[in-house]
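Single-structure report; data block below.
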Amino acid sequence: MKNIYAIGVGLIGGSLAIDIKKHNPDVIIHGISRKDATLEKALELGLIDKKATLDDLGNADLVIVSIPVDATVKLLPTILDKISDTGLVVDAGSTKEAICKVVENHPKRRNFLAMHPIAGTEHSGPTAAIEGLFIGKTNIVCEVEKTTFKLQEKALKLFTDIGMRIRYMNPKDHDKHIAYVSHLSHISSFMLGKTVIDKERNERDIFDMAGSGFASTVRLAKSSPEMWTPIFKQNKANVVETLEEYINNLTHFKELMKSDNFDEIFNEMQNTNHIKDILNGIV
Ligand SMILES: O=C(O)C(=O)C[C@]1(C(=O)O)C=C[C@@H](O)C=C1
């Protein structure tokens, strides 16, 4: 691979560009963005080698699309129209069903690979890009059988070289499971932040009372609404179903408190401590 085009040069596109360039110094990273200021910043930070436009994509060996998922759905067919027969397009979106659907009948479907690198931070834009973001992280790959074998093989090597492990999943299962683990966490954090802001009013009190507990549970509430609104929209059914379960659990906890059932509260917390083993891979 010689010419890699990053459409979106923010946290994900920029971090992928850093690591891919580090492992493949001969590659030329071309950046594409709606905003020239973003591209200039990416150039200045050394995330990309050159600025480019969608009209240059015929020259691409690989195109990495890391933009909000609504923009991906809108732009993906045009991107595929523009690439050569030997080019591959991958996306890094947090939803997979809508994205796979929009290209299912595209004549260049075999030149597309749907991915979701499970990595990120609450920050966005080129200044948020960091080296090594993907080390030890999972890359969920969907509908791999619909992509030309030689193309997927090359791309997957690029991602395993920068430290990712690959997990295959269908788009429906991906969207269901990611709603539980990632999307619900963001809603929970946003609404925790809102509750504390509404309740406290005095921002100085929030600042003084905020230890690392609050900081870690509310971290995701700093995330970008431009990124998250379209994710919730595309994954609405799964997110609503998950939210219902979460609200039931919150209500259950409140009822236990009101009825002084602290033994049951103890048990609920003790059972949930199992999350520690799950996240340590002891399952
Ligand atoms: O850790 C964070 O800050 C993230 O938001 C990363 C996170 C996640 O939920 O884990 C968010 C969205 C991406 O689709 C993948 C990863």
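Readers should treat all values here as calculations from the given coordinates under stated rules, not as data from a laboratory. The shown structure was predicted, so the numbers you read here are calculated from the model rather than taken from an experiment. Quick reminder, even Gly has a Cβ in these numbers, built from the backbone with ideal geometry, and neighbours come from all protein chains shown.
The table below gives the values:
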| quantity | calculated |
| --- | --- |
| Protection proxy ranking, peptides 164-172, 12-20, 200-208, average beta carbon neighbours within 10 Å, highest first | 12-20, 164-172, 200-208 |
| Two-site FRET efficiency, Glu200 against Phe149, from Cβ-Cβ distance with R₀ of 45 Å, rounded to 0.05 | 0.20 |
| Kirkwood Rh in Å, taken over all unlike Cα pairs in region 49-98 | 11.4 |
| Beta bridges by DSSP in the chain, antiparallel share as percent, to the nearest 5 | 15 |
| Rounded, prolate or oblate (a/c below 1.5 giving rounded, otherwise prolate when a/b exceeds b/c) for region 236-283 by Cα gyration tensor | oblate |
| Cα gyration tensor shape of region 174-281, rounded if a/c is under 1.5, else prolate or oblate by comparing a/b with b/c | oblate |
| Entries in Lys50/Lys150; Lys21/Lys137; Lys41/Lys146; Lys194/Lys233; Lys21/Lys194 that, when Cα-Cα distance is taken, lie over 30 Å | Lys41/Lys146; Lys21/Lys194 |
| Prolate/oblate/rounded label for region 3-169 (Cα gyration tensor, a/c 1.5) | rounded |
| Neighbour-count order for Glu122, Glu97, fewest beta carbons within 10 angstrom listed first | Glu122, Glu97 |
| Theoretical ellipticity at 222 nm over the chain - DSSP helices of four or more residues, -39500 (n - 2.57) apiece, nearest 500 | -15500 deg cm²/dmol |
| Between region 164-219 and region 105-157, the Cα center-to-center distance that results, in Å | 24 |
| Using alpha carbons only: equivalent-ellipsoid semi-axes of region 92-215, gyration tensor based, whole Å | 37, 17, 12 |
